[in-house]
Amino acid sequence: MKIVVLLKMVPDVVEELEIAPDGKSLDTTYLRMILNDSDNHALEEALLLKERHGGKVCLLAPDAPEVDDALFAALAKGADRAVKIAGIDAAEGTRAVVARIVQALSTADLLPADLILTGAQAIDDLDGLVAPLLAQTLRWSHLSVVNQVRFDASTGVTTVTKEFPGGLRAEFEIKLPAVLGIQSAEKPPRYVPVAKVRAAMKSLQIDSTTVPIAAGMPALEIQSMAKPSAAGHAEMLEGLPEAVAGKLCDVLAAHGLL
Amino acid sequence: MATVASPHPPGAFEITLENLFSFPQGRRVLTCLQCGTCTATCPYGVGMQYPPRRIIGMLRTGQLEKVLTSDSLLSCVACYACTAKCPRGIELTTVLLPLLKEQMLLSLPEVPSELQRALENMLRYGNPMGESPRKRAAWAKTSSIPIRILPEDPRTTDVLWFVECYTSYHPRGQDTARATAKIFQALGIDFAILGNEEKCAGECVRLSGEPGLHNTLMEYNMQVFRKYKFNSIVTSCPHAYDAFRYSYRTAGFDYELRLATTFLAQHLEALRPMLRGKAGYTVTYHDSCCMGRHNGFYEEPRTLLQAIPGIKLVEMTHNRVNTICCGGGGGGMWLDTYYKAKGYERLSERRVKEAVATGADVLAVACPYEISRFEDAVKVLGYDKRMIVRDITELLVESMEGEI
């Protein structure tokens, strides 16, 4: 089974995000980039499939600060090849980025493949469009918000589990090749000891590919970016525990909750 | 009482499972009597599928695979009890178990998520909590004593104070940091900290089976040390002290090194006249495994406590070399949920029960892991009206300020 995993770096919110002076972008002075969480789950699901059925896991990621660290860690976990797309800018908009990914899949010789897995969403856009747009362009099957992928080697049937609100799950039989948006892997992303990552850095390499900007793609323009302003404030109940309990009862009673 | 400080001979950090028996410490494993003292003294020995005695037996009969694919070694809290009691002097905690844990971490189907998160945070942010490395020195702004931060003011300093993670980030650890700064200033110590350039020394990650991560942190911290001029290093954390004293030597660490507690004990004559406030309480002291069993500092903390006027020091049943681990060493700090799920009693709770049984009002500690562990245990066990947990530096400052 040949699986391509799309990975993307997103701002690490361990640092407070600051708006740049242009009012349209993030201040990158102290900004650090981290692998998008659901992309990490997509990687884990791909590695689990490889362990069960053999095959190859190839990684494709837009170039970004710290992306090499993420790719080497993924190689150390068991991925077979890593390719980064140089000169790509997330601000081009999802459609343009997807068009470039499609080209990169060819220039980096990643097709044909059985599956393309990527995170269902990324924290910096939340639009969840990469998987469906890619599937549409490639004319492949698609499902998103997936939390399990099963392949039965004897029948060749692939079953995908998708999550719905309210604790509901549905199972779909899907025709390969397919693009899947992974919400979470079957188990948490694995740990990779630092010594293995260091060994991967010494013995393996990351390929790079360049693809031209896709012409005629609708692009989004960010007009302004601002931090959310507080609409109201929480009321702090202060005093001795007995007094606070009394006030709390009053508040609950006033809202008809007692 | 014999101390069990084991100065690692050169080469001790080059031992691997493959070349184990070509080193004297490794060959000593072959002399094991299978007496079971290690298993009996191990605080979690009763819960392990393969306790230390069996592990040695299996190592000698070529059955190690079973040990490495079980999660037994996750129950090792690197408390040095087995090493201290072994009649053959086998260095389980310092040599054998870390090697096995490293292999276990590679073969475990799943690393407990708390531990995994802590290890990943340590690599990315330099602290296990996943706090911003840019906020490591934020506590210094809350100190009533001006704290010189070397990256901002790189003049030569006498003492480089290596604050460490829990003292820098944990709200109760920060109380220790502020108290330590007050005592340093009162003693006229010329000191400075590394601020946001400091990262965890990494002792616990090595003993939890991640030597690669330990080495990454060591190489980083050594580079930072070399940037500045100072006469000695004092650290608030026994785990950092241990790393500097043993493993960092292999990377060329040759600075004069002291633990904050022993450093203050050395300055006791200058400190004593400042201890004016009379304590009307009884205190019991918990020996940290790293500080006591592995480095032999049993008397210094007690000497400091007894210097506080009016204090009454009582001992727990298990003290000095027989201390019971708080459960935080060797990665145990990030395995509480895992141990609870296994049905183990939390070691911090076992220890607090013993402390309460002494009738003491205060449980005094000298390791930054212990404040939060014991305060949690005191609350969980419902003893929060009977006992408080304080770092020794906090008690000293209370007496200096007469606020008892």
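The values are calculated or read from the model by the stated rules, or taken from the named source; none is laboratory data. These figures come from a predicted structure and were not determined experimentally. Every residue, glycine among them, receives a Cβ derived from its backbone with ideal geometry; neighbour counts consider all protein chains shown.
List of remarks:
- Count of residues meeting criterion [outside any loop (DSSP other than H, G, I, E, B), closer than 20 Å to B:LYS135 by Cβ and in contact with a Gly (Cβ under 7 Å, 6 or more places away or on another chain)] in segment B:184-241: 1
- Residue within segment B:21-37 that is at pLDDT 85 or above and either under 23 Å from B:ASP287 (Cα atoms) or in the same structural domain as B:GLU203 (by TED's automatic domain parsing) (or both) present: yes
- Per-region count, segment A:5-27, residues assigned to a loop (DSSP other than H, G, I, E, B) and away from chain B (no Cβ under 14 Å): 8
- Criterion: within 14 Å of another protein chain (Cβ to nearest Cβ), in contact (Cβ under 8 Å) with a residue 60 or more places away in the chain and on the phi > 0 side of the Ramachandran plot - qualifying residue of B:GLY89, B:GLY130, B:GLY126: B:GLY126
- Segment A:1-23 residues that are over 30 Å from A:LEU115 (Cα atoms), paired with ones that are part of a loop (DSSP other than H, G, I, E, B) and β-branched (Val, Ile, Thr) (beta carbon under 9 Å, 6 or more apart): A:VAL13/A:ILE123; A:GLU18/A:THR29; A:ALA20/A:THR28; A:ALA20/A:THR29
- Scan of segment B:107-123 for residues that are facing chain A (nearest Cβ under 7 Å) and buried (at least 23 other Cβ atoms within 10 Å of the Cβ), ordered by number: B:VAL111, B:LEU119
- Verdict on B:ARG390 being more than 19 Å from B:SER72 (Cβ to Cβ), among the basic types (Lys, Arg), surrounded by fewer than 18 Cβ atoms within 10 Å (Cβ to Cβ) and not assigned by TED's automatic domain parsing to the domain that holds B:LEU119: no
- Restricting A:GLN148, A:GLN183 to residues that are more than 14 Å from every other protein chain (Cβ to nearest Cβ), at pLDDT 95 or above and either under 25 Å from B:SER107 (Cβ atoms) or touching a His at 6+ places or on another chain (Cβ under 6 Å) (or both) narrows the list to A:GLN148.
- Enumeration of residues in segment A:181-201 that are without any contact (Cβ under 8 Å) to a residue 40 or more places away in the chain and in a helix (DSSP H, G or I): A:VAL194, A:ALA195, A:ARG198
- First in segment B:215-230 and acidic (Asp, Glu), second anywhere and assigned to a helix (DSSP H, G or I), Cβ under 7 Å, 6 or more apart: B:GLU219/B:ALA251
- Every residue from segment A:51-87 that is without any contact (Cβ under 8 Å) to a residue 40 or more places away in the chain and in contact with a strand residue (DSSP E or B) (Cβ under 8 Å, 6 or more places away or on another chain): A:GLY78, A:ASP80
- Scope segment A:28-38; condition surrounded by fewer than 14 Cβ atoms within 10 Å (Cβ to Cβ) and either hydrophobic (A, V, I, L, M, F, W, C) or under 23 Å from the mean Cα position of the chain (by Cα) (or both); matching residues: A:THR28, A:TYR30
- Number of positions in segment A:91-128 that are surrounded by fewer than 19 Cβ atoms within 10 Å (Cβ to Cβ), β-branched (Val, Ile, Thr) and within 13 Å of the chain's Cα centre (by Cα): 1
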